[in-house]
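First comes the structure, then the notes that go with it.
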Amino acid sequence: MTEAFGIYVHWPFCESKCPYCDFNSHVSEAVDHTAWAEAYRREIARVGAAAPGRTVTSVFFGGGTPTLMKAATVEMILSEIARVWTLAPDVEITAEANPSSAEIELFRDFRSAGVNRLSLGVQSFDAAALAFLGRRHDVGQALRAIAESQKVFARTSFDLIYARPDQTEESWRAELGHALALAGEHLSVYQLTIEPGTEFRRRRITPAAEGPAVDMFEATHEMMNAAGMPAYEISNHARPGAECRHNLVYWRGEDYAGIGPGAHGRLTQDGVTVATEEIRAPAAWLAAVALGAGGERSRTPLSASERIEEIVLMGLRLTEGILQTRFRAQTGKAFDEALPSDKIATLIDEGYLAREPGALRATPAGLQRLNAVIEYLLA
């Protein structure tokens, strides 16, 4: 089994804050791109010295809005990653982008800088929904961005949000059908959730009720399967072989380094996995790195039980489930040694988990109730 190792690079700035977003993103009128480029270079060198000898299989530029970075900064970051670690020959390098006209013009610059996969935050093809979600682009810009991204990048994806207030299954089926006609190899399809600290939470916005949301979830999987893009994770669908390799690093419990304000990482050395977290506030992170102190806020060794819990939390999101060989390599235990066998049996009997040769996975019914399944299993 090939060992994957990812690098997550967080760019914290956006043109505006979407009302549903709880990510570490900030609106800033002025950004010193030279200072930020140097800070990323220094932080990559610091993390690389602490986790040497790895082969990088994926790099992901997230945010915020990474396409607000200068392409020269992206190129420098990738050069520094290649200097500190070894890049796999088929390394996947993804950048998130929004469908605004200004960002579309940067697609070719980012491709020249080394990005080989683009993920677009489309979110909807309905004008009223885009306004509700606080998006700065319109439907026409979304269509143009998808078309242009597919000309420039061999691998592309875009995001959609459903289960919006008062949305119906019929309208969602129409919107998803439109998306499938435009899609390349990958779609991320998320149910709207109202997170603490967001504008939607302050406005007391409520998503679609549970019944319609379940109907839309089932319709999504039905239509995506029929289109040859089955789910490989609860909210992510791809043609076989086109899965986002970087996100699989997270869901499979493999190691990754987090670079940039608020970025998290998981680094395993001598059999112990350490959870890292970078300073969250952009100005504080930049100042700490510039002073030579590094951007790390905390470094916490995970206990055996914490490591098992994290692998279960992430792994059951995957349709492949948790593979026994990987689980044993990561925890030193088999499923029945690490988890309550009576609870596994109960969840299998009730149709929420399936035990297959070498794997434990959630069934379609289990995926719809995944939080409850995991809570019961780990309680």
For Thr346, indicate whether it is part of a strand (DSSP E or B) and out of contact with any His (no Cβ under 9 Å at 6 or more places or on another chain).
no
So the strands (runs of 3 or more DSSP E) completely within segment 173-265 holding 1 or more residues that are of a type in the set (D, E, K, R) and either within 20 Å of Gly321 (Cα to Cα) or modelled with pLDDT under 95 (or both) are 231-233, 255-259
Among the residues listed as Arg201, Arg245, Arg239, the single one being assigned by TED's automatic domain parsing to the domain that holds Leu120, within 16 Å of Ile161 (Cβ to Cβ) and among the charged types (D, E, K, R):
Arg201
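I'm trying to understand the selection: among the residues of segment 301-333, which are among the aliphatic types (A, V, I, L, M) and free of Cβ contacts under 8 Å to residues at least 24 places away in the same chain? Lay out the reasoning, then the answer.
Residues of segment 301-333 among the aliphatic types (A, V, I, L, M): 302, 304, 308, 311-314, 316, 318, 322-323, 329.
Passing the criteria: none in range.
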Of the candidates Ile344, Ile308, Ile279, the one satisfying the condition of being of a type in the set (A, V, I, L, M, F, W, C) and more than 24 Å from the chain's Cα centre (by Cα) is Ile344
When only residues in segment 25-60 that are modelled with pLDDT of 90 or more and part of a loop (DSSP other than H, G, I, E, B) count, which is nearest to Arg135 (Cα to Cα)?
Ser25
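Got at least one residue in segment 155-167 being in a helix (DSSP H, G or I) and out of contact with any helix residue (DSSP H, G or I) (no Cβ under 8 Å at 6 or more places or on another chain)?
Step one: list which residues in segment 155-167 are in a helix (DSSP H, G or I), which gives none.
Among the residues of segment 155-167, not one is in a helix (DSSP H, G or I) and out of contact with any helix residue (DSSP H, G or I) (no Cβ under 8 Å at 6 or more places or on another chain), which makes the answer no.
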Please indicate, with yes or no, whether at least one residue in segment 181-196 is on the phi > 0 side of the Ramachandran plot, within 21 Å of the chain's Cα centre (by Cα) and not polar (S, T, N, Q).
no
Residue tally, condition of a type in the set (D, E, K, R), part of a loop (DSSP other than H, G, I, E, B) and over 25 Å from the mean Cα position of the chain (by Cα), over segment 313-341:
1
Among the listed residues Glu96, Glu92, Glu80, Glu43, identify the single one that is among the acidic types (Asp, Glu), under 21 Å from Gly258 (Cβ atoms) and touching a His at 6+ places or on another chain (Cβ under 7 Å).
Glu92
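Out of Glu310, Glu306, which single residue is assigned to a helix (DSSP H, G or I), closer than 23 Å to Gln191 by Cα and of a type in the set (Asp, Glu)? First the steps, then the outcome.
Working: Glu306 fails: closer than 23 Å to Gln191 by Cα.
Glu310 is the lone residue from the list that is assigned to a helix (DSSP H, G or I), closer than 23 Å to Gln191 by Cα and of a type in the set (Asp, Glu).
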Within the bounds of segment 355-364, is there any residue that is out of contact with any Ser or Thr (no Cβ under 8 Å at 6 or more places or on another chain) and part of a helix (DSSP H, G or I)?
yes
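Can you tell me which residue within segment 110-127, out of those that are among the aliphatic types (A, V, I, L, M) and outside any strand (DSSP E or B), is farthest from Gly62 (Cα to Cα)? Break it down stepwise before answering.
Applying the first criterion (among the aliphatic types (A, V, I, L, M)) to segment 110-127 yields 113, 115, 118, 120, 122, 127.
In the following step, the residues that additionally are outside any strand (DSSP E or B) were identified as 113, 115, 127.
Values: Ala113: 16, Val115: 12, Ala127: 25 Å.
Among those residues, the one meeting the criterion is Ala127.
The values are calculated or read from the model by the stated rules, or taken from the named source; none is laboratory data. If you're wondering where the values come from, they're calculated on a predicted model, not measured in any experiment. Cβ: placed from backbone, ideal geometry, glycine included. Neighbour counts: every protein chain shown.
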